[in-house]
Amino acid sequence: MNCFNNNDRCCCNNGINAFNTQGIQIQRIIPTGITGPTGATGATGPRGNTGCTGATGPRGATGATGYTGATGVTGPTGATGITGPTGARGYTGATGATGPTGPMGATGATGATGVTGPTGATGATGIAGTSVTDNSASASNATNATIPVVLAGTKIPLPSSQTIPAGISMNADNTAFTINVAGKYFITYEVHLTTPLAVGTRLVLNGSAYTPSTIQPLNPMTSFNSSIIVTVDAGVSVSLELFGLNTSAILHTGAGANLSIIQLA
């Protein structure tokens, strides 16, 4: 600090301010020197913090429309909208060409029967045919005969009321028919005894008992009958037999026993 006496006042200064002896600051007048050359620009200080965003300015005028950009990729198809109302019917078009004939349909229901027409003229008489039933035989025993029955069987003779056609024959002792024409035959028999017996009755074909014709009672009987339909070859013999008991059987007078053979086919 420099001190000097100015008009009996002692002054001191520190190079910036001057003070009197009472400590009162006095103005110091320092002549300005020539401005020196500008010093070099100092280094840029660090960037300060960004200030608050100012208020949005007024909207500027719309710029000119830019060039149309390239078409973008087609987006996915949207959902189908609801069907709109049906439009007015258009004019009928010209008739198209006839298509090919379709398959035949199912046969329709049968129609009602028509009115019966008049009877036609009688045709010529045909050639007379042959009836297989003409080849039929029958024989019986009406003699009140006594038949000696044995366990294995005894044939009943049939000498009465014989009807013998060309296609069927009877043996000499009247106990067996022989069928000379092959075919289907209806054969039936009856036996009537004067006394009930537990004997059996059956037909015998070619020497063998024919089971479907057999009657073998548990209790004594007086009347027996059975019928069969059988197909046979030519030459088959047919007999009526009592069997199953060693006894004597007496046939009724008249309808004592009967055997009939009728060709069916």
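Only the coordinates and a few stated rules stand behind these numbers; no lab work does. If you're wondering where the values come from, they're calculated on a predicted model, not measured in any experiment. A quick note on method: Cβ atoms are made from the backbone with ideal geometry, for glycine too, and the neighbour counts reach across all protein chains shown.
Here are a few things to note about the model shown:
- Eigenvalues of the alpha-carbon gyration tensor of the chain, scaled by 5 and square-rooted, set the equivalent ellipsoid semi-axes at 162, 41, 18 angstrom, largest first.
- Separation of the residue 166 and residue 44 label points, Cα + 7 Å toward Cβ, nm: 15.3 nm
- Site pair residue 146 and residue 250 shows an inter-label distance of 0.8 nm when each label is modelled 7 Å from Cα along Cα→Cβ.
- Here region 222-265 is treated as a Stokes sphere of Kirkwood radius computed over C-alpha pairs; at 4 °C and 1.567 mPa s its diffusion coefficient rounds to 96 µm²/s.
- Chain lengthening between residue 208 and residue 236 when straightened (0.36 nm per residue, less Cα-Cα): 9.0 nm
- Computed E for residue 34/residue 62 - FRET, C-beta separation, R0 45 angstrom, nearest 0.05: 0.15
- Range in the chain, longest, excluding exposed chymotrypsin sites (Phe, Trp or Tyr not before Pro) [loop by DSSP; at most 16 other beta-carbon atoms within 10 Å]: 92-265
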